[in-house]
Amino acid sequence: MDWTLAINRHRDALLRMVAALLVMAGGGETLSRVERSGIFRVLRPAEAAFRRLVVIVMERMEEGAHPVRTPVIRPVTVKIARGPVKPVPSFALFDPRKPIVVGRARRAVKGEPRIRSFDWDEPVYPPKAVPLPDDRVSAVRMMRRLQALQLALEDVPKQARRLARMQAKRAEVRCQTGKYIAPLRPGRPPGYRARTRHPVDEVLKNCHQLALYAIDLKGNSHGDPPDTG
């Protein structure tokens, strides 16, 4: 299998998608709720796909098969109107873990009357405002995530070496405590959709399968491969 071709092909596709998302975002501080939701629907699976590319490169680099470095693409500079521009954060190389949902305890029904006053018609607790699609919401954190992903895509081997260092530290902790956290969470990756609605869905599926295959070829040296069920 030509790993270099597969890595560069998916990397280039992710770069084009991130560039399109940056154009859609426009570099402003706020976006409408529906616009931000539309960007997140592509950003989340794109981040998950890139994490799997990093895992593939890390596994292959340890065998000496370094992928070809592609030309550096300069990121789009986004200026924040208020205050100084913060440095771009490092890309999160580990999947966010699924939240543990615990059933809420039901409150016991008391035999007390719920009438507050016979002369008061207005509700005691005012209703919450219903969010509307055109509401303006903050887009600063989303823009920083886009920038972090674009900067990481410029040098995938660098991110693979960074992940290898993080894995080495976690291996030491595992020897002491027995706890181990793999870069890829068990089950389906974040942003996964069974039905393809955007090209990023196909990229994520391919990268996930390639990452699992690369881990299997490595002989399971970094822990058990994630369950795809």
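The values are calculated or read from the model by the stated rules, or taken from the named source; none is laboratory data. Treat the numbers as computed from the prediction; the structure is a model and nothing was measured. When we count neighbours, we look across all protein chains shown, and the Cβ atoms used for this are built from the backbone with ideal geometry, even at glycine.
Structural remarks
- Condition check for residue 6: farther than 20 Å from residue 161 by Cβ and of a type in the set (Gly, Ala, Ser): no
- Cross-chain or 6+ apart pairs with Cβ under 6 Å, the range 203-215 first and of a type in the set (A, V, I, L, M, F, W, C), then surrounded by fewer than 23 Cβ atoms within 10 Å (Cβ to Cβ) and outside any helix (DSSP H, G or I): 212/225; 215/225
- Within the range 151-183, the set of residues being within 18 Å of the chain's Cα centre (by Cα) and either within 10 Å of residue 54 (Cβ to Cβ) or in a helix (DSSP H, G or I) (or both) comprises 151, 152, 153, 154, 156, 159, 160, 162, 163, 166, 183.
- Residue within the range 162-182 that is surrounded by 17 or more Cβ atoms within 10 Å (Cβ to Cβ) and under 30 Å from residue 26 (Cα atoms) present: no
- Taken together, the residues in the range 22-45 that are more than 17 Å from residue 202 (Cβ to Cβ) and in a helix (DSSP H, G or I) amount to 12.
- Taken as a whole, the range 117-131 holds no residue that is at pLDDT 60 or above, within 21 Å of residue 42 (Cβ to Cβ) and hydroxyl-bearing (Ser, Thr, Tyr).
- Of the listed requirements (1) touching a residue at least 24 places away in the same chain (Cβ under 8 Å); (2) farther than 22 Å from residue 87 by Cα, residue 149 misses just one: (2).
- Checked against the criterion of being surrounded by fewer than 18 Cβ atoms within 10 Å (Cβ to Cβ), among the small types (Gly, Ala, Ser), out of contact with any Cys (no Cβ under 7 Å at 6 or more places or on another chain) and over 16 Å from residue 153 (Cβ atoms), the range 14-25 contains not a single residue that satisfies it.
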